[in-house]
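What follows is a short report on a single structure.
The values are calculated or read from the model by the stated rules, or taken from the named source; none is laboratory data. Worth saying up front: this structure is predicted, and the values here are computed from it rather than measured. Here the Cβ positions follow ideal geometry from the backbone for every residue, glycine too, while neighbour counts run over all protein chains shown.
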């Protein structure tokens, strides 16, 4: 038996990388998972991987910047599986660049796909999560960089997610909904692209990780999220948890 048997999860940005790793890990522990993303073919591949392992998944296309699309994935998940117990807000468009280079449109896309999508989905899912639900949002330790050059907008949208998380934990704890946020380093396509584009900065970055490597999307990030959503962590609420090999000090 898995520690999430009978649970139903919704994971955004699950077509690749960290989102896919989380979806696979949740399914491995018995959860039935709705995998969502902008590109239907990608989330169908994630659903197929889950099915190949003996799990059950529903693939749904969704641009998280579209409020109507968010309403659709929640209603479709509940209609298909009969409920919802776990929400993972992973999707995010990343607005990297210096302040002079960034456009309003890029910052607005980062805000809409990150904090606003997280805010909207948490509220849409709240009625279904009441009683025994778990929300896991994704932030970043970019907000703790000593040199914020080129990372200001990304850090801003990710830190906003941390504050929404803390508010939900405080306001909805009485509804027996736990809300936590993780700050992961993982070998996602996005990170690989960043490493390729910034090899010297990446080398310096890796040297600041005490364990000297980046985590695996499923084994290191996904499995932790599965545990966090399980009864084993039933008293963990409102926490920011860095999954980064010891790099960030959250204080």
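Across region 79-102, the number of residues qualifying as in contact (Cβ under 8 Å) with a residue 60 or more places away in the chain, outside any strand (DSSP E or B) and either closer than 18 Å to residue 117 by Cβ or in contact with a strand residue (DSSP E or B) (Cβ under 7 Å, 6 or more places away or on another chain) (or both) comes to 9.
Of all the numbered requirements in (1) touching a helix residue (DSSP H, G or I) at 6+ places or on another chain (Cβ under 9 Å); (2) free of Cβ contacts under 8 Å to residues at least 60 places away in the same chain; (3) under 30 Å from residue 74 (Cα atoms), residue 174 misses one, and that requirement is (1). Only residues that are surrounded by 13 or more Cβ atoms within 10 Å (Cβ to Cβ) and either under 16 Å from the mean Cα position of the chain (by Cα) or on the phi > 0 side of the Ramachandran plot (or both) were counted in region 202-236, giving 15.
Annotation: of all residues in region 112-144 being without any contact (Cβ under 8 Å) to a residue 24 or more places away in the chain and touching a helix residue (DSSP H, G or I) at 6+ places or on another chain (Cβ under 7 Å), the one that is surrounded by the most Cβ atoms within 10 Å (Cβ to Cβ) is 142. Being at negative phi and either part of a strand (DSSP E or B) or touching a strand residue (DSSP E or B) at 6+ places or on another chain (Cβ under 8 Å) (or both) is the filter here, so list the residues in region 1-15 that pass it. Those that are at negative phi and either part of a strand (DSSP E or B) or touching a strand residue (DSSP E or B) at 6+ places or on another chain (Cβ under 8 Å) (or both): 4, 7, 8, 9, 10, 11, 12, 14, 15.
The residues listed here are 49, 60, 70; of these, the one that is touching a strand residue (DSSP E or B) at 6+ places or on another chain (Cβ under 7 Å), modelled with pLDDT of 95 or more and either in a helix (DSSP H, G or I) or buried (at least 20 other Cβ atoms within 10 Å of the Cβ) (or both) is 60.
Quick check on region 36-43. Is at least one of its residues over 25 Å from residue 192 (Cα atoms) and under 20 Å from the mean Cα position of the chain (by Cα)? No, region 36-43 has no match at all. Within the set 186, 168, the sole residue that is at pLDDT below 95, touching a strand residue (DSSP E or B) at 6+ places or on another chain (Cβ under 6 Å) and buried (at least 21 other Cβ atoms within 10 Å of the Cβ) turns out to be 186. Being under 14 Å from residue 87 (Cα atoms), at pLDDT 95 or above and in a helix (DSSP H, G or I) is a condition met by no residue of region 133-144.
Here 157, 181, 225 are screened, and the one residue that is modelled with pLDDT of 95 or more and not in a helix (DSSP H, G or I) is 181.
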